[in-house]
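Here is the structure we will look at, set down as structure tokens.
What follows draws every value from the coordinates through simple rules; no lab data is involved. What you are looking at is a predicted structure, and each value in this text was computed from that prediction instead of being measured. Positions of Cβ are generated from backbone atoms using ideal geometry, with glycine treated the same way; all protein chains shown enter the neighbour counts.
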Amino acid sequence: MAKPTKKPPPKPKPKPKLKAKLKLERGVKKSGLKKKSVGRPLAKPTAAPAPAAAPLRAPLPLAAGVSPAVLDRLWSVVTSRRDADPMLSHSARLLSRGTAKVAQKFGEEAVECLIEATLGNHRALVAESADVLYHLIVMWVDAGVRPEEVWAELHRREGVSGIAEKAARARTLPLTLGMGTAKIP
């Protein structure tokens, strides 16, 4: 007669998760975002010794290479893909789905960017920031906004205190909406 085999001891239960991490997971599940960020520690990693400062270089020409002009070029590419085959172009596919879907996708990417910033994940924040800029440009193309309009608005605000600029908008917005008062109800 064979001896009865012993059952292996039960596996230890996982450690309880932090409240903030649970909230983050719930937020990701509710928003339908990918869970690629969840599971990383919420606390920022301990500071590593700072690398030697990189020497200052002259900015690259605006027409080529790595520069802010890449956004203008990206806008041109997305605009050119507006009427392309949605089976061949991601931009065309997004634009063919309509404004609500374009805006939803931008919002999802913005939330992913916020999550990476909160987690202190530099590399992922850079990647998600690029996604946010791409989807912002798709939203501009969908709405008929040209980059120079945004650059002109940024130029107008340059040198103006953010506090003063925001206060001026708060006073004029209710009047613009026809509320007859500068106070928001």
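Per-residue 3J(HN,Hα) values for region 131-145, derived from phi via the Karplus relation 6.51 cos²θ - 1.76 cosθ + 1.60 with θ = phi - 60°, read 4, 4, 5, 4, 5, 5, 5, 4, 5, 4, 4, 4, 8, x, 8 Hz in sequence order (x marks Gly and Pro).
With a cut-off of at most 16 other beta carbons within 10 Å, and DSSP calling the residue loop, which trypsin sites (Lys or Arg not before Pro) in region 85-157 qualify? Please list them. Mind dumping the intermediate values first?
Values: sites: Arg93, Arg97, Lys101, Lys105, Arg123, Arg156, Arg157; in loops: Arg97.
Here the sparse-neighbourhood loop sites are Arg97.
Would you work out the charge dipole size for region 74-126 about its Cα centre, treating the Cβ of every Lys and Arg as +1 and the Cβ of every Asp and Glu as -1, and quote it to the nearest 20 debye? Don't jump to the answer; show the numbers that get you there.
Values: 7 positive and 6 negative charges, 33 e Å.
Approximately 160 debye in magnitude.
Coupling constants for region 109-115 follow from the phi torsions by the Karplus curve (6.51 cos²θ - 1.76 cosθ + 1.60, θ = phi - 60°), and in residue order they are 5, 5, 5, 4, 5, 4, 4 Hz; glycine and proline get x.
How much length is gained on full extension from Arg73 to Ala130, taking 0.36 nm per residue of separation minus their Cα-Cα distance?
Numbers: separation 57, 0.36 × 57 = 20.52 nm, distance 1.39 nm.
19.1 nm is the gain from fully extending Arg73 to Ala130.
Each residue of region 87-102 was assigned a 3J(HN,Hα) from its phi angle through the Karplus curve 6.51 cos²θ - 1.76 cosθ + 1.60 (θ = phi - 60°); the sequence is 6, 10, 10, 5, 4, 5, 4, 4, 5, 6, 7, x, 4, 4, 5, 4 Hz, with glycine and proline shown as x.
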